[in-house]
Amino acid sequence: MSNILIKPIPQTEKCFLDESIHAKMDYAKGSMLLGERFSFQLAYQLSDDDPMRKVGFLFVEGPLAPYVTFQRVDNVPVRNPLYCGKDDGEYLRTQPGLYPDLLRPITSKNWIYITKELQSLWIDIRVPEHMKGDTYPIHFVLRGHENEFLAETDFTVEIIPAALPPQTLKVTQWFHPDCLAVYYNAEIFSQRHWEIIESFLQTAVDNGINMILTPVFTPPLDTAKWHQRPTVQLVDVTKTKDGWSFGFEKLERWVKMCDDVGIRYFEISHLFTQWGAHHAPKIMANTEDGYRQVFGWDTDAAGEEYRDFLNAFLPALIEEMDRLGAGDRMVFHLSDEPGGDKLESYLAAKEGIQDVLAGQTVMDALSDFSFYEKGAIETPVVSIDHIEPYLEAKVDNLWAYYCCGQCEGVSNRFVSMSTARNRIIGAQLYKYNIAGFLQWGYNFYFTEGSMEFCNPYLCTDGGYWVPAGDAFSVYPAPDGTAYETIHLLGFTAALYDMRAFALAEKLCGRQAVMDILESRGEITFKKYPTDQAFLLEAREKINRLIAENI
C-alpha cells in the first residue's frame with residue numbers, strides 16, 4: 001500500500017514545507033470559461049516520517065490530457081517577508097524562511113521528489129476556444145522508476161461554452177531591460193539581448209500585461225543620486241552646433257517586437273527624475289567630443305538647456321510613433337511618485353513642455369490629491385491605500401497602483417501574503433471601473449538605488465529593501481526565458497475574474513454581479529473578505545450565472 005498522499009487543492013493555497021496536506025482545502029472540481037487559463041495545484045507528501053524520499057513521475061489521463069500542463073512549485077528564500085511593524089494580521093507568515101513561489105516547468109520526463117515535507121505541482125488547463133461545453137474528468141497518476149503505481153487522484157472540470165471577452169483593463173508592470181542584460185551577461189541591444197527581451201515580454205503578455213515601459217532614454221527610476229544604471233536608450237541622439245537630431249531605428253524595432261508579441265500600449269519612460277522632477281534622466285549623445293552623457297543628475301529639470309532639448313525631441317518622437325502606428329497608444333510620464341512637497345518642482349518641469357505635449361496623455365504614479373486638485377496631472381495613477389479622495393471626486397480614467405508601501409490592510413502580491421489577498425484586486429478594480437493598473441517590478445534584479453545586482457534566486461528582497469515579491473514577478477530561466485511565480489499568477493487570475501465579471505454583466509446586468517461580489521458586505525480597497533473560500537465560491541457563482549444565461 002502506498003504511503004504517498006496526494007490531492008487537488010485550489011490555486012489560492014500555498015504549501016509550506018512544514019505543513020500537513022490534511023490542513024489544505026480539498027478542491028476536487030471547478031469550472032472554466034473558454035479562453036481562460038484555469039489553475040489549481042496537486043499537493044503531495046509522504047504519509048509518515050519515513051526519511052527515504054521517493055521519486056515519482058506524473059501522468060495525466062482523460063480527454064483533456066493534451067491541454068494540461070504542470071509546473072513544480074519551488075520554495076524561495078525570503079529574508080524580508082514584510083516591513084517591521086507592519087503586520088496587519090493577514091500575512092501567512094512573518095518570519096524569514098523558505099516560501100513557495102517559483103514555478104519551474106516540468107514534463108513527463110522529469111521527476112519529482114516526494115518526501116515528508118509538503119510540496120505541490122501547479123496545474124494549468126488551457127482548452128481551444130471550440131471546445132465543447134461539458135464536464136470532463138482528469139485522472140492523475142504518480143508512478144515510480146519501474147512504472148510502478150505510487151498514488152493517484154482525480155479532478156473534474158466543467159467547461160462552460162462561453163468565451164471570455166477581451167481584457168479592457170490596461171496593465172503595466174515596469175520592464176527593466178538592463179537587469180536582463182546584467183543577469184545574462186548580454187551586451188545591451190545585442191541580438192541575444194533582443195531575444196531575451198522578447199521572451200520575457202511574451203510571458204508578460206501571457207499574464208495580461210498589455211502596456212510596456214519604453215526606454216527612449218534610460219529610465220530615471222530607483223537610481224541613487226549621482227549613481228547610474230546601465231544605459232538602455234532606444235533613441236540615438238546627436239548634438240551639433242546646429243541643434244539636435246534623433247535616430248529611431250532601435251525604437252522602431254522595439255515597437256514592432258511589442259506589436260508582434262501582443263503589447264498594445266507604450267509608456268514613454270519618465271522625462272524627469274523620480275520623486276519630484278528635479279533633474280533629467282541620463283541621456284547619451286554623439287557629440288563633437290565623442291559619445292558622452294549630455295544630461296543627468298547635474299541637469300536642472302526646469303532649466304533652459306534641457307527644456308530646449310525636450311522641445312526638439314518630443315515632436316520628433318510623437319511623429320515617429322505616429323509613423324509606427326503607435327501614436328494613439330502612447331502615454332507620457334514626467335516624474336514617478338512626487339510627494340505633496342514636490343508640487344512646485346513638478347509644475348516647473350511640466351511648464352516647459354506642456355505645449356508640446358498638448359493632446360497627449362500624461363500620467364504619473366502619485367498619491368497626494370493636491371496634484372489632481374490643482375491641475376498638475378489629469379490622469380493620476382493612485383496608490384490603492386490613498387485612492388478614496390479620487391473615487392469621491394469621480395476622476396475620469398482613474399488608474400491604481402501598489403508597491404512596497406501598500407503593506408497594511410490592502411491587496412498586494414508579497415510572497416508572504418495569501419493568494420486570495422492578491423487576487424481580490426480583480427473585484428475591487430471591477431467595482432470602481434478603474435481604467436488601468438501599474439506595478440513597478442516585473443523583473444527588477446538590483447538592490448535599492450540600483451547600487452548592486454542581486455541574484456533573484458538568492459535575494460528576493462532587493463537587499464532587505466522591499467518585501468519579497470515586490471521587486472520582481474518572474475525569474476530568469478537559464479535559457480533566456482522567464483519562469484513564472486505564484487504571486488504573478490494570483491494577479492493573472494484576478495484579470496480573468498474581471499473578464500468573467502464583464503461577461504456576466506453583459507448577460508445579466510452589473511447589479512447581479514455586484515450582488516455576488518458583495519454577498520458578505522461592501523467591498524472597498526480597504527474592506528474585503530480575506531479568505532480563499534469566498535473568492536472561489538464567488539467565481540463559481542459568476543460562472544453559473546453565465547452558464548444559465550448564455
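Miscellaneous remarks
- Within the range 80-92, tally of residues that are farther than 21 Å from residue 447 by Cα and open to solvent by less than 70 Å² (accessible area, probe 1.4 Å): 3
- The lone exception for residue 420 - which of (1) assigned to a loop (DSSP other than H, G, I, E, B); (2) more than 21 Å from residue 398 (Cα to Cα); (3) open to solvent by less than 10 Å² (accessible area, probe 1.4 Å); (4) of a type in the set (A, V, I, L, M, F, W, C) it fails: (1)
- In the range 118-155, the qualifying residues are those that are among the charged types (D, E, K, R) and modelled with pLDDT under 95, and the one that is surrounded by the fewest Cβ atoms within 10 Å (Cβ to Cβ) is 146.
- Test: residue in the range 161-168 that is of a type in the set (Ser, Thr, Tyr), assigned to a loop (DSSP other than H, G, I, E, B) and modelled with pLDDT of 95 or more: yes
- Residue count for the range 502-537 under the criterion of being hydrophobic (A, V, I, L, M, F, W, C), in a helix (DSSP H, G or I) and closer than 23 Å to residue 385 by Cβ: the result is 4.
- Positions within the range 7-26 being open to solvent by less than 30 Å² (accessible area, probe 1.4 Å) and either under 19 Å from residue 492 (Cβ atoms) or part of a loop (DSSP other than H, G, I, E, B) (or both), in sequence order: 9, 10, 11, 12, 13, 14, 15, 16, 24
Here is a yes/no grid of residues against (1) closer than 27 Å to residue 248 by Cβ; (2) modelled with pLDDT under 95; (3) open to solvent by less than 10 Å² (accessible area, probe 1.4 Å); (4) assigned to a strand (DSSP E or B):
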position	(1), (2), (3), (4)
293	yes, no, no, yes
305	yes, no, no, no
309	yes, no, yes, no
313	yes, no, yes, no
353	yes, no, yes, no
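- Any hit, the range 451-470, residues being of a type in the set (Gly, Ala, Ser), buried (at least 16 other Cβ atoms within 10 Å of the Cβ) and touching a residue at least 24 places away in the same chain (Cβ under 8 Å): yes
- Of all the residues in the range 73-103, those that are in a strand (DSSP E or B) and among the aromatic types (Phe, Trp, Tyr) number 2.
- Residue, farthest from the chain's Cα centre (by Cα), within the range 219-250, restricted to residues that are open to solvent by less than 10 Å² (accessible area, probe 1.4 Å) and among the β-branched types (Val, Ile, Thr): 237
- Annotation note: Cβ proximity below 6 Å between a residue of the range 114-133 that is more than 16 Å from residue 10 (Cα to Cα) and a residue that is among the acidic types (Asp, Glu) (sequence gap 6+ or interchain) occurs for 116/49.
- Matching option when the condition is over 30 Å from residue 102 (Cβ atoms) and in contact with a Lys or Arg (Cβ under 7 Å, 6 or more places away or on another chain), among 435, 349: 435
- Some residue of the range 377-396 being closer than 20 Å to residue 495 by Cβ, open to solvent by less than 10 Å² (accessible area, probe 1.4 Å) and of a type in the set (S, T, N, Q): yes
- Residues (part of a strand (DSSP E or B) and not β-branched (Val, Ile, Thr)) located in the range 116-133: 119, 120, 121, 122, 124
- Residue check, residue 183 touching a strand residue (DSSP E or B) at 6+ places or on another chain (Cβ under 6 Å), of a type in the set (Ser, Thr, Tyr) and either under 30 Å from residue 236 (Cβ atoms) or part of a loop (DSSP other than H, G, I, E, B) (or both): yes
- Residue check, residue 59 aromatic (Phe, Trp, Tyr), at pLDDT below 95 and open to solvent by 70 Å² or more (accessible area, probe 1.4 Å): yes
- Positions within the range 234-264 being part of a loop (DSSP other than H, G, I, E, B), farther than 19 Å from residue 202 by Cβ and touching a strand residue (DSSP E or B) at 6+ places or on another chain (Cβ under 6 Å), in sequence order: 235
The values are calculated or read from the model by the stated rules, or taken from the named source; none is laboratory data. All of these numbers come straight from a predicted model, not from anything done at the bench. Glycine also receives a Cβ, built like all others from the backbone with ideal geometry; neighbour counts cover every protein chain displayed. Areas reflect the complete protein model, heavy atoms only, side chains present, ligands, DNA and RNA absent. Shrake-Rupley method; radii C 1.70, N 1.55, O 1.52, S 1.80 Å.
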